[in-house]
1. What is the residue count in region 207-224 for residues that are out of contact with any helix residue (DSSP H, G or I) (no Cβ under 8 Å at 6 or more places or on another chain) and in a helix (DSSP H, G or I)?
2. Checking residue 108 against (1) surrounded by fewer than 24 Cβ atoms within 10 Å (Cβ to Cβ); (2) not in a strand (DSSP E or B), which single condition isn't satisfied?
3. Answer with yes or no whether residue 298 is more than 19 Å from residue 141 (Cβ to Cβ) and of a type in the set (A, V, I, L, M).
4. So, in region 1-36, exactly how many residues are out of contact with any Ser or Thr (no Cβ under 8 Å at 6 or more places or on another chain), small (Gly, Ala, Ser) and crowded, with 23+ Cβ neighbours inside 10 Å?
5. Quick one: would you say residue 149 is on the phi > 0 side of the Ramachandran plot and either within 16 Å of the ligand (Cβ to nearest atom) or in contact with a strand residue (DSSP E or B) (Cβ under 6 Å, 6 or more places away or on another chain) (or both)?
6. Is it fair to say residue 202 is in a loop (DSSP other than H, G, I, E, B), away from the ligand (no atom under 11 Å from the Cβ), closer than 30 Å to residue 13 by Cβ and over 19 Å from the mean Cα position of the chain (by Cα)?
7. List the residue pairs whose Cβ atoms are under 9 Å apart, where the first residue sits in region 81-108 and is within 18 Å of residue 53 (Cβ to Cβ), the second is in a helix (DSSP H, G or I) and of a type in the set (Ser, Thr, Tyr), and the two are 6 or more positions apart or on different chains.
8. State the number of residues belonging to region 122-135 that are touching a residue at least 12 places away in the same chain (Cβ under 8 Å) and either closer than 15 Å to residue 205 by Cα or not β-branched (Val, Ile, Thr) (or both).
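The values are calculated or read from the model by the stated rules, or taken from the named source; none is laboratory data. Being a predicted model, the structure only gives us computed values, none of them experimental. Heads up, the Cβs are rebuilt from the backbone with ideal geometry, glycines too, and the neighbour counts pull from every protein chain shown.
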Amino acid sequence: RIAAGIDIGGTKIAIGLIDEQGTVLAQSTLKTDLTLTPKEMLGKAANEVRRLADEQGIAHTSLKGVGVGAPGPLNTKKGVLTCPPNLKSWWGYPVVAELKEQLSLPVKMENDATAATLAEKWVGAAQDSEHFVFITISTGIGAGIYLHGKLITGNTGNTGDAGFMFVHPQGDVVQDEPSGYWEQIASGTAIARSASEIVGRQVSTKEVFELAAAGDPAMSKLTERVYTYIGMGCVSLINLLDPAKIVIGGGVSQVGEPLFSAVRAYVAKHALNPSGRETAIVPAQLQQNAGLIGAAALIQQPY
Ligand code: ADP
């Protein structure tokens, strides 16, 4: 049977129908319109589910269920988005109850990185692994933890908020917020911000890595620093969780080999290695559709 996936983000909402093999049969995207109420926005998403089902020649009521990936912090026990920074008007909104009401289908919600973790297990880079950590380095940094053949979700669904691991007690100071946590130094946003301060003009994250590859000394120094901090976070996760594999996705991971070889070298040097363990560090396989497939995986895969 077919499941629907809804991946809610601060800029867009992706909606898709996904079969039991993890194939996306149909999908569409809505711009997240913050002038609409969450109820109205979810109404539009529910309409898309019905429309896509129609297009497939099936009644939406024959769908197995709706999986939702959403930004944290959230509370999956209550089916509520608690306080995601990019969706302020959604704070406290009962997403799961509303979608159940609109579509009369079973609805499950997990945070987006957790859902993407299940997608990598299902049809991505971690199919062969019973113990792995997924890290997404994008606008922020998120992670998902899969151990002993099980997705770890925690008490409220916020397991893997790795962007808030402290890696530097006096890291880059941003306004009055506490500083030194991982995503404040190594996320795409942080990389562009640091580079722009150094160069004195707006520089995109992609451009930082291009300049470094072309030999720009200041940008090379910055990217080396970023790789070191990505490595540090990986070392902590490896020492804490003993995964067989770390899967890295998100926009920044598209830098590819320079990033992966630097992080592998850092980890080889610094991760505790009491039993000769070797943690493979590999790129994610599902860049574009990880969120959507992950959302549907919540319905299609046991976890
Ligand atoms: P989101 O955070 O919305 O899930 P992405 O996973 O695409 O989105 O991550 C966006 C971040 O990744 C931005 O900071 C962007 O500048 C950066 N990024 C996107 N493509 C690349 C690339 N090819 N190289 C380096 N950074 C990139």
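1. Taking region 207-224 as the starting set, the residues that turn out to be out of contact with any helix residue (DSSP H, G or I) (no Cβ under 8 Å at 6 or more places or on another chain) are 210, 214-217, 221.
Next, from what is left, pick out any that are in a helix (DSSP H, G or I): 210, 217, 221.
Selection size over region 207-224: 3.
2. Failing condition for residue 108: (2).
3. Values: more than 19 Å from residue 141 (Cβ to Cβ): yes; of a type in the set (A, V, I, L, M): yes.
Yes: the conditions hold for residue 298.
4. 3
5. Working: on the phi > 0 side of the Ramachandran plot: yes; either within 16 Å of the ligand (Cβ to nearest atom) or in contact with a strand residue (DSSP E or B) (Cβ under 6 Å, 6 or more places away or on another chain) (or both): no.
No.
6. Details: in a loop (DSSP other than H, G, I, E, B): yes; away from the ligand (no atom under 11 Å from the Cβ): yes; closer than 30 Å to residue 13 by Cβ: yes; over 19 Å from the mean Cα position of the chain (by Cα): yes.
So residue 202 fits the description; yes.
7. 103/61; 104/61; 105/61
8. The initial filter retains those residues of region 122-135 that are touching a residue at least 12 places away in the same chain (Cβ under 8 Å), namely 122-126, 129-135.
Checking which are either closer than 15 Å to residue 205 by Cα or not β-branched (Val, Ile, Thr) (or both) leaves us with 122, 124-126, 129-132, 134.
Of the residues in region 122-135, 9 are touching a residue at least 12 places away in the same chain (Cβ under 8 Å) and either closer than 15 Å to residue 205 by Cα or not β-branched (Val, Ile, Thr) (or both).
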